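Below: the structure, in structure tokens.
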Amino acid sequence: MDTDHLTDIWSRVFGTQPAPSLWLVIITAVLALGAVVPHTAWRLSRNAVTIAHEGGHGLIALLTGRRLDGIRLHSDTSGLTVSRGKPTGLGMVLTAAAGYIAPSLLGLAGAALLAAGHITALLWGATALLLAMLIMIRNAYGVLTVVLAGAAFVLVSWLTTAQVQAAFAYAVVWFLLLGGVRPPFELMGKRRRGGAVDSDPDQLARLTHVPAALWLGLFHVVTLCSLMGGGRWLLGL
């Protein structure tokens, strides 16, 4: 590969691209909302939120010095991340707390990239994260889900026009921001019905002696604030 070609790739990935029109940004927001609100659509699209959720657990586990044994994604949109290390302490707390806020924080980071014009960098960065996660997947359904998600990013980033890439990137970020809000509300409903007795907030309550309801409240604050902040960036406000 010659120097000119490498320079072209570097410029393409790390350079900036023009922002799409406001109408396109609004349309992608509506499409993302349509993937989150209707129950039928959410049953399928929630798989993408689960990828981000379990990826958040895994990433923080590694960053806090824990050993990541593997990640499993299930067809009912649940997931499981297994890590080894000290069963208590800050690392375990951060790992347990990362899941429910990961999709929204990823969406917020994506909104910051798009606001700065780095559409291609977002697409390639997402592909790299999915590839890294694929190495740690330990079941067939999980492999299929992550491969399909990664393939979508690769195909869009290599084979489509700049306008299509922008639309795809904005739709993905809107989806993460909007989709990140719904799981804490779902968990709240399950807890009211006496379910989800070993949820992330319950594990955090045992680790920190802070009531699970307060941890769930924190998840609501982070996801809703991320949606408001990320939305403002995407809309150019």
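Here is how the numbers come out for the structure above:
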quantity	calculated
Any hit, the range 202-217, residues being over 24 Å from GLY110 (Cα atoms) and of a type in the set (Lys, Arg)	yes
Out of LEU106, LEU131, sole residue that is closer than 27 Å to HIS39 by Cβ, part of a helix (DSSP H, G or I) and not aromatic (Phe, Trp, Tyr)	LEU106
Single condition LEU113 does not satisfy, out of (1) open to solvent by less than 50 Å² (accessible area, probe 1.4 Å); (2) at pLDDT 95 or above; (3) part of a helix (DSSP H, G or I)	(1)
Within the range 48-79, tally of residues that are part of a helix (DSSP H, G or I), open to solvent by less than 60 Å² (accessible area, probe 1.4 Å), within 16 Å of MET136 (Cα to Cα) and among the aliphatic types (A, V, I, L, M)	4
Scope the range 28-82; condition of a type in the set (Lys, Arg) and under 14 Å from the mean Cα position of the chain (by Cα); matching residues	ARG46
In the range 129-154, residue least open to solvent (accessible area, probe 1.4 Å) [restricted to those that are closer than 20 Å to TRP174 by Cα and aliphatic (A, V, I, L, M)]	VAL146
Matching residues in the range 183-201 - criterion: being surrounded by 17 or more Cβ atoms within 10 Å (Cβ to Cβ) and either without any contact (Cβ under 8 Å) to a residue 12 or more places away in the chain or not aliphatic (A, V, I, L, M) (or both)	PRO183, PRO184, ARG191, ALA196, SER199, ASP200, PRO201
Close pairs from the range 124-152: first free of Cβ contacts under 8 Å to residues at least 40 places away in the same chain, partner among the aliphatic types (A, V, I, L, M) and surrounded by fewer than 19 Cβ atoms within 10 Å (Cβ to Cβ), Cβ under 6 Å, at least 6 apart	THR127/VAL154
Test set (1) open to solvent by 40 Å² or more (accessible area, probe 1.4 Å); (2) within 25 Å of ALA29 (Cβ to Cβ) - PHE175 fails condition number	(1)
Meets criteria (among the polar types (S, T, N, Q) and either at pLDDT below 95 or at positive phi (or both)) for THR160	yes
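Conditions tested, residue by residue: (1) part of a helix (DSSP H, G or I); (2) at pLDDT 95 or above; (3) crowded, with 19+ Cβ neighbours inside 10 Å.
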| site | (1), (2), (3) |
| --- | --- |
| SER11 | yes, no, no |
| ILE27 | yes, yes, no |
| GLY34 | yes, yes, no |
| ARG46 | yes, yes, yes |
| THR81 | no, yes, yes |
| VAL93 | yes, yes, no |
| TYR100 | yes, yes, yes |
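The values are calculated or read from the model by the stated rules, or taken from the named source; none is laboratory data. Just so you know, these numbers come straight off a predicted model, no measurement behind them. Using ideal geometry, Cβ is built from the backbone for each residue, glycine included, and neighbour counts are taken over all protein chains shown. Ligands, DNA and RNA are excluded from the accessible area calculation, which covers all protein heavy atoms including side chains. Shrake-Rupley method; radii C 1.70, N 1.55, O 1.52, S 1.80 Å.
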